[in-house]
Each structure stands twice: as C-alpha cells, then as structure tokens.
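What follows is calculated from the coordinates using simple rules that are stated; it is not laboratory data. Just so we're clear, the structure is a prediction, and the values are computed from it rather than from any experiment. Note that each Cβ is placed from the backbone with ideal geometry, even for glycine, and that neighbours are counted across all protein chains shown.
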Amino acid sequence: MQTKHVVNIGNSQDLNNIDNNSVNLIVTSPPYPMIEMWDEVFSSMNPAIAEALDNENGVEAYNLMNMELNKVWDEVDRVLVSGGITCINIGDATRKIGDSFQLYSNHSKIINYFEKMGYQVLPDILWRKQSNKPNKFMGSGMLPPNAYVTLEHEYILIFRKDGNRQFKKQEEKEKRRTSAYFWEERNKWFSDVWEDVKGTSQKLDNKELRNRNGAYPFELAYRLINMYSVKGDTVLDPFLGTGTTIIASIASGRNSIGYEIDPNFKDFIINGILESKNNSNNYIFDRINNHISFVNNRIVEKGPLKHTSNTYNFDVMTGQEKELSFSKIDKIFEENDTIIAEYEPISAKDIGSTANVEDTAGDKDTKKKKKTKQMTL
Ligand SMILES: C[S@@+](CC[C@H](N)C(=O)[O-])C[C@H]1O[C@@H](n2cnc3c(N)ncnc32)[C@H](O)[C@@H]1O
C-alpha cells in the first residue's frame, strides 16, 4: 500500500492545484483573528486590517480578518466531496484595543459562515489548553465586577457537506470496516471535551518560525482523521504550519495535501514529514498495546469479551471492530515534489501469542482466561 502527500507553498484563498469535489476531509487550524501574533499575516492580505487596528477599531479588524478566512472556507467548499467533513481548530480571542476590552468570538463567526454555505453543523469538541502563566487572570483582580474569565479552551468545529456519506460498493464497505477504531477509543474520542490532548511544545530552532507557528498536537489531527475519514481518503490542510496534518495522515494511511503561505516553513515541513516514521509507528503500536491492556483488564473484571478480531488474536467489544486492521510505515520518501509513504500490514504474528493467565478478580469459579501478550517493538 502507498499514500501520496503534497506540500504547496501558497495562499489557500486559491487552492489552484485541487479539483472540485476531490477532498474527503479537511483538518486545519487557521491563524486566529485578533490574536496579536497573526496581525501581520492578516494585514498582508488586506491593508485595511492594519488601518483598523491603528485606528483602535477592534470590531472592524475582527470582521475583516474573518472575511479573509471566509475566502479559504469558500475554496474548502469547492474542493470537498459531498458527504465530506471539515474540522476546524479555532480559539476565540480576548484583547484590549484602546480602552476597550472584549471577546472576539471567532468560533461563532465560522459557524455562521458554514451555516450560510448550507453545511450541517455537527457537535463540536472543546479542547482544553491549560495555561499556567501566573498572570493569566485579567481585569480588576479580586474586586467585582470588572475581572475577566481566562480562555483556556479552544474549539474543534465540525461541519458536514450535503448529509451522510454513503458506502454503497462492497469495496467501500470493506475499507470502512478496516478503518474502524476500538470501542474504548470511541468512548474517549467522541467525548465533547478533550482534556487529555496536551498542547504541543515548540521545538523549532529557528526563532522566527518558532514565533510564527501555533502547531496543534499530532494526537489531535490523528484522532480527527481516524474519526472522520477512511483509509485511502484524501485529507486537506489549507493552513499547514509545521505539517502536523500530513504527518498524522501518513500515520493513518490517508493521502494528503497542505497549503502554507510562509515559504520559510517549507524545509522544516518536508524534513519533519520525512523523519516522522518512527514516532508514528510507535504511536500505532501504542494504540494496539493500549487495546490489549484494556481487553486484559476487562477479562479480569468482567469475563471474556463477546467478539474476537478476525485479523488479530485479541478480543474486541463489538462486531464493528472485527475487521479493524493496522499497517506500519515502511518508508517515507520524496519523488518529484510528492512525498510517498509505503506500508506493511501489521499481522497477528507481529502482535504476539496468547497466553493463559490466572484470573486475579477473586472469582473462584472463573476458569483461566485467555490474555493477549502486549506486542514489543
Ligand atoms: C495556526 S497555524 C497552523 C499550525 C498547524 N496546524 C501545525 O500543526 O503546525 C496557521 C498557519 O497558516 C498559515 N497561513 C496563514 N494564512 C494562510 C493562507 N491564506 N494560506 C496558507 N497558509 C496560511 C500561517 O503561516 C501558519 O503557518
């Protein structure tokens, strides 16, 4: 199996290399309007934004910045297939302009725009980003009523184009089943508050790039890709930044395309992708090992599970997980401006044998129960 990945350096207000109705999923995080680090990028798209900020007209700047994002959402709409999904990680902003402090609610602007475009708005996810800065609280300190709540969450907005995706052909149904996730992952991933996804540390050496990124964690992109697409699909990130979405797409067996306006990111993005194999494979093995631990604990606590995987020698909670299969990345290389990833299936043999282990739940009548050994790397 092979997947293909393309990094475009350019403005995603014009996704000129992408055909209409050709992308299955968008996973992205734009520059956040009214967060100071992005003022320059927005002002370069429309000088009236710099003027509004200079004139201390915060609301005007906020409206104009969101209008620049809307041009990208129009393009996203053009390239997304019917039944395709758009996931947008966005934070609101609080800012004092002149004497006026207020919230700039970016997430509501984006929801309104997708509603206008006719999308179904699906339940969103709050991603809790903890801040431990000592001066994180603003306003009148311990004196009511002019103190301000600190924003420690971001949104992942989720929109669907034209209703449910259909899987009619046998081949499509099979791909969907092999792309399943585990029951216990579903319970975590489809919760509306993600507390366990930590913000990413800024590992860039280049100071300018370090100030200008705003990367989200691999785990965030990986979950969304696995929740809302199937293997072999194409994922687009119109605000690629450091390339996290492409790295997570490779780890998930999806094709991907990214657009990044800042040419200084190019080498960093490409090198990051080419060097991502080991971390991604470790992440995949962790998923399998976490499942094996889950199953083993469950056997001890509640007895054998009802279903067994058709591919691996471990049990699963539901019939929907029986065809679930994993591949590991064998190679990632560049060929004619395209990055290619090649995979090898992870087989039952790779995961290890089953062993009989004493039940420790204290149930005297329980027979020895089958437990699966964790796989080693
Ligand atoms: C919040 S960052 C994305 C970070 C990314 N999710 C990651 O994990 O690294 C937004 C990125 O979008 C880029 N950008 C801003 N406007 C753009 C545009 N119109 N077209 C393409 N890229 C743009 C910025 O340079 C920045 O790198």
Filter the cross-link list Lys71/Lys136; Lys322/Lys349; Lys175/Lys277; Lys231/Lys349; Lys129/Lys161 down to pairs whose alpha-carbon distance in this structure exceeds 25 Å.
-> Lys71/Lys136; Lys129/Lys161
List the residues whose amide H sits under 5 Å from the amide H of Ile26, counting only those 5 or more places along or on another chain, with H placed 1.01 Å from N in the peptide plane.
-> Ile85, Thr86, Cys87, Leu236
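Convert 4 °C to kelvin, take the viscosity as 1.567 mPa s, use the Kirkwood radius over C-alpha pairs of the stretch 219-263 as Rh, and evaluate the Stokes-Einstein diffusion coefficient in µm²/s, rounded to a whole number. Walk me through the numbers before you get to the answer.
On the way: Rh = 10.4 Å.
It diffuses with D of about 125 µm²/s by this estimate.
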In whole Hz, what ³J(HN,Hα) sequence does the stretch 147-155 give by Karplus (6.51, -1.76, 1.60; θ = phi - 60°), x for Gly and Pro?
-> 9, 10, 5, 8, 7, 10, 10, 10, 9
Which residues' amide hydrogens lie under 5 Å from the amide hydrogen of Ile346, considering only partners 5 or more residues apart or on another chain, with H built in the peptide plane?
-> Phe326, Ser327, Lys328
Hey, how many Å between the Cα centroid of the stretch 230-292 and the Cα centroid of the stretch 1-65?
-> 20 Å
Could you run the Karplus curve 6.51 cos²θ - 1.76 cosθ + 1.60 with θ = phi - 60° over the stretch 35-41 and give me ³J(HN,Hα) per residue in whole Hz, x for Gly and Pro?
-> 8, 3, 4, 9, 3, 5, 4
To the nearest µm²/s, what D does Stokes-Einstein give for the chain at 25 °C and 0.890 mPa s, using the Kirkwood radius over alpha carbon pairs as Rh?
-> 108 µm²/s
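Out of the stretch 36-134, which GluC sites (Glu not before Pro) are coil in DSSP terms and have no more than 16 other C-beta atoms within 10 Å? Intermediate values should be presented prior to the final figure.
Numbers: sites: Glu36, Glu40, Glu51, Glu56, Glu60, Glu68, Glu75, Glu115; in loops: Glu56.
Sparse-neighbourhood loop GluC sites (Glu not before Pro): Glu56.
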Could you name the aspartates and glutamates in cross-link range of Lys96, using Cα to Cα under 15 Å and dropping any fewer than eight places away on the same chain?
-> Glu36, Asp39, Asp54, Glu56, Glu60
Put +1 on the Cβ of each Lys and Arg and -1 on the Cβ of each Asp and Glu in the chain; which of Pro144, Pro238, Thr86 then has its Cα farthest toward the positive end of the dipole?
-> Thr86
Per-residue ³J(HN,Hα) for the stretch 102-118, Karplus 6.51 cos²θ - 1.76 cosθ + 1.60, θ = phi - 60°, Hz, x for Gly and Pro | 7, 8, 10, 8, 4, 5, 6, 4, 5, 4, 4, 5, 5, 4, 4, 6, x
